[in-house]
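J.: Before we start, here is the structure in question, set down as structure tokens.
The values are calculated or read from the model by the stated rules, or taken from the named source; none is laboratory data. Predicted, not measured: the structure shown is a model, and the values here were computed from it. Methodologically, a virtual Cβ is constructed for each residue, glycine included, from the backbone with ideal geometry; neighbour enumeration extends over all protein chains shown. Only protein heavy atoms, including side chains, enter the accessible area calculation; ligands, DNA and RNA are left aside. Shrake-Rupley method; radii C 1.70, N 1.55, O 1.52, S 1.80 Å.
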Amino acid sequence: MTGAADFEGLLKQAMGLDAASIGSSAVERAVQARMSVHELADSQVYWSLLTASAGELQALIETVVVPETWFFRDRGAFVTLARFACQDWLPARPGGMLRLLSLPCSSGEEPYSMAMALHEAGFPADRYGVDGVDISTRALAHAGAAVYGKNSFRGVDPAVRQRYFDTTAQGEQLRDFIRQRVRFQQGNLFAPDFLPGAEIYDFIFCRNLLIYFDRATQDRAVGVLQRLLSARGVLFVGPSETGLILSHDFVSAKEPMAFAFHKRGAVPEPAKPVPAPLRMPAVQRASLARPASAAVRPASASPRPAPPPKASLAEASALADQGHLAEAATSCEEHLRRQGPSAQALCLLGLIRAAAGNPEEAVRCYRKALYLDQDHPESLAHLALLLAQQGDADGAQRLRKRLSRVSERSGGHEH
Ligand SMILES: C[S@@+](CC[C@H](N)C(=O)[O-])C[C@H]1O[C@@H](n2cnc3c(N)ncnc32)[C@H](O)[C@@H]1O
């Protein structure tokens with residue numbers, strides 16, 4: 001005789017669900033609902049149908065999943081994502097493509113919030129792609145349509161809503177420039193062929209899923225996340241899932257209210273200089289987190305190297321990275337004198353000025369860079385950040401729009 005334990009066992013095997021997490025009665029109700037769809041009264045007959053039909057198993061899964069989600073849920077995670085992406089990842093990987101995963105993405109509010117957070121921070125649109133994955137095809141259909149009701153906007157600033165959505169008869173329609181950044185696919189975290197490959201993603205949001213699994217199943221799930229996350233990547237989980245993550249090989253990123261973790265022993269960013277100005281000096285990364293006036297680094301204790309005779313931008317960038325800001329500026333200015341003005345050199349000089357606590361001079365440098373090359377993406381992004389820091393939200397917004405137009409012209413979502 002087929003009993004409740006059989007259905008619970010099947011769901012656990014199929015999708016990892018621990019019936020205790022939602023209550024056995026919820027599983028029972030789901031089974032009853034499916035039986036009435038088929039006009040069946042005998043659970044044995046329904047069991048035969050269920051075990052013989054992948055379509056029916058998926059239909060039962062659709063009935064038990066909890067798709068509850070909303071935009072910018074646990075906001076701190078999105079603030080941290082944008083900061084890590086702009087200040088750490090972007091300057092360290094010139095030309096690279098940032099890969100993000102929202103698993104499970106449910107009806108799309110989470111991956112779209114990731115894209116909006118990056119957009120708000122001025123991250124170039126052609127340099128990232130978000131994958132949204134969920135077991136529920138119903139939730140994914142909603143995500144693809146991207147039309148939302150008021151439950152999806154709990155606590156969302158109306159100004160943010162206006163920037164990204166158009167009001168339609170069906171609800172709030174997310175605008176295309178954000179929709180295009182996210183690609184959805186159906187997937188079951190426990191499927192043997194689930195997202196093949198390793199170290200694919202720089203940021204993974206896996207929030208409010210692990211709570212539905214028992215301990216052994218949680219451990220398997222964390223193993224999958226470990227495989228998918230890059231060596232220096234960041235994993236975001238739900239507030240009640242942090243203890244579990246700390247019991248694995250992860251350490252806290254120490255970001256308040258972000259519930260973010262690095263792999264234990266993750267190597268710091270490589271120290272070797274990369275072509276300027278795409279690598280932001282460490283001191284500048286810090287300055288973005290606090291008022292520019294507080295960003296001046298105390299005089300360095302190490303001996304100060306003389307500026308190289310033939311100053312190159314890579315050298316200027318390396319000097320800035322080591323905190324030798326005056327020498328970095330001299331080297332950059334010398335480069336400008338020898339080679340003539342260029343957007344790249346002026347943008348680097350802007351970064352150095354900002355790092356030295358001179359935002360007005362930095363703004364002048366970025367503006368000169370944009371005068372030479374109105375589409376220079378790094379200058380647009382850095383100037384937008386700086387103006388936003390100075391409280392010029394409109395100015396920052398105009399630059400971000402320019403940046404998105406430049407990104408759109410230079411290609412779309414690449415993966
Ligand atoms: C509560 S929502 C979380 C959505 C979002 N991450 C958030 O925190 O707002 C849980 C989602 O997990 C999905 N899910 C459940 N089991 C899954 C599995 N084995 N693989 C992939 N997705 C799963 C469900 O379909 C549901 O959409």
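Per-residue answers, yes or no, for (1) of a type in the set (Ser, Thr, Tyr); (2) under 24 Å from Arg161 (Cα atoms); (3) part of a helix (DSSP H, G or I):
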site	(1), (2), (3)
Val45	no, no, yes
Asp74	no, yes, no
Ala82	no, yes, yes
Gln87	no, no, yes
Leu90	no, no, yes
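J.: Condition first: touching a His at 6+ places or on another chain (Cβ under 9 Å) and within 14 Å of the ligand (Cβ to nearest atom). Now tell me which residues in the range 226-244 satisfy that.
T.: Leu235
J.: I've got another one for you. Anything in the range 151-189 that is touching a residue at least 40 places away in the same chain (Cβ under 8 Å), within 20 Å of Gly132 (Cβ to Cβ) and open to solvent by 50 Å² or more (accessible area, probe 1.4 Å)? List them, or say none.
T.: Result: Asn151, Arg154, Phe177, Arg179, Gln180, Arg183, Phe184, Gln185, Gln186.
J.: When the range 48-83 is examined, which residues are found to be away from the ligand (no atom under 16 Å from the Cβ), open to solvent by less than 60 Å² (accessible area, probe 1.4 Å), in contact (Cβ under 8 Å) with a residue 24 or more places away in the chain and within 22 Å of Gly16 (Cα to Cα)?
T.: If the condition is that a residue be away from the ligand (no atom under 16 Å from the Cβ), open to solvent by less than 60 Å² (accessible area, probe 1.4 Å), in contact (Cβ under 8 Å) with a residue 24 or more places away in the chain and within 22 Å of Gly16 (Cα to Cα), then Leu50 is the only one that fits.
J.: Kindly evaluate Asp18 against the criterion of being acidic (Asp, Glu) and open to solvent by less than 60 Å² (accessible area, probe 1.4 Å).
T.: Yes; evaluated as a whole, the condition is true for this residue.
J.: Consider the range 166-217. How many of its residues are within 16 Å of the ligand (Cβ to nearest atom), of a type in the set (A, V, I, L, M) and more than 23 Å from Ala115 (Cβ to Cβ)?
T.: Of the residues in that region, 4 qualify.
J.: Might you check whether a residue that is surrounded by fewer than 21 Cβ atoms within 10 Å (Cβ to Cβ), at pLDDT below 95 and among the hydrophobic types (A, V, I, L, M, F, W, C) occurs anywhere in the range 249-257?
T.: Yes, the range 249-257 contains a residue that is surrounded by fewer than 21 Cβ atoms within 10 Å (Cβ to Cβ), at pLDDT below 95 and among the hydrophobic types (A, V, I, L, M, F, W, C).
J.: Another question about this same structure. Being under 18 Å from Phe203 (Cα atoms), more than 16 Å from the ligand (Cβ to nearest atom) and within 13 Å of the chain's Cα centre (by Cα), is that true of even one residue in the range 128-135?
T.: yes
J.: For the range 401-415, how many residues are of a type in the set (D, E, K, R), modelled with pLDDT under 80 and crowded, with 16+ Cβ neighbours inside 10 Å?
T.: Adding up the residues that qualify gives 0.
J.: Right, something else. Tell me, yes or no, whether the range 27-45 has at least one residue that is of a type outside the set (Val, Ile, Thr), within 16 Å of the ligand (Cβ to nearest atom), open to solvent by less than 20 Å² (accessible area, probe 1.4 Å) and more than 30 Å from Ser317 (Cα to Cα).
T.: Yes, there is a match, as at least one residue in the range 27-45 is of a type outside the set (Val, Ile, Thr), within 16 Å of the ligand (Cβ to nearest atom), open to solvent by less than 20 Å² (accessible area, probe 1.4 Å) and more than 30 Å from Ser317 (Cα to Cα).
J.: Going by what's in this entry, would Leu101 be described as surrounded by fewer than 19 Cβ atoms within 10 Å (Cβ to Cβ) and either within 11 Å of the ligand (Cβ to nearest atom) or at pLDDT 95 or above (or both)? Outline the logic, then answer.
T.: On the way: surrounded by fewer than 19 Cβ atoms within 10 Å (Cβ to Cβ): no; either within 11 Å of the ligand (Cβ to nearest atom) or at pLDDT 95 or above (or both): yes.
Here the answer is no, as Leu101 does not meet what is asked.
J.: Would you mind finding the one in Gly108, Gly122 that is open to solvent by less than 20 Å² (accessible area, probe 1.4 Å), touching a residue at least 12 places away in the same chain (Cβ under 8 Å) and away from the ligand (no atom under 16 Å from the Cβ)? Break it down stepwise before answering.
T.: On the way: Gly108 fails: away from the ligand (no atom under 16 Å from the Cβ).
Answer to the check: Gly122.
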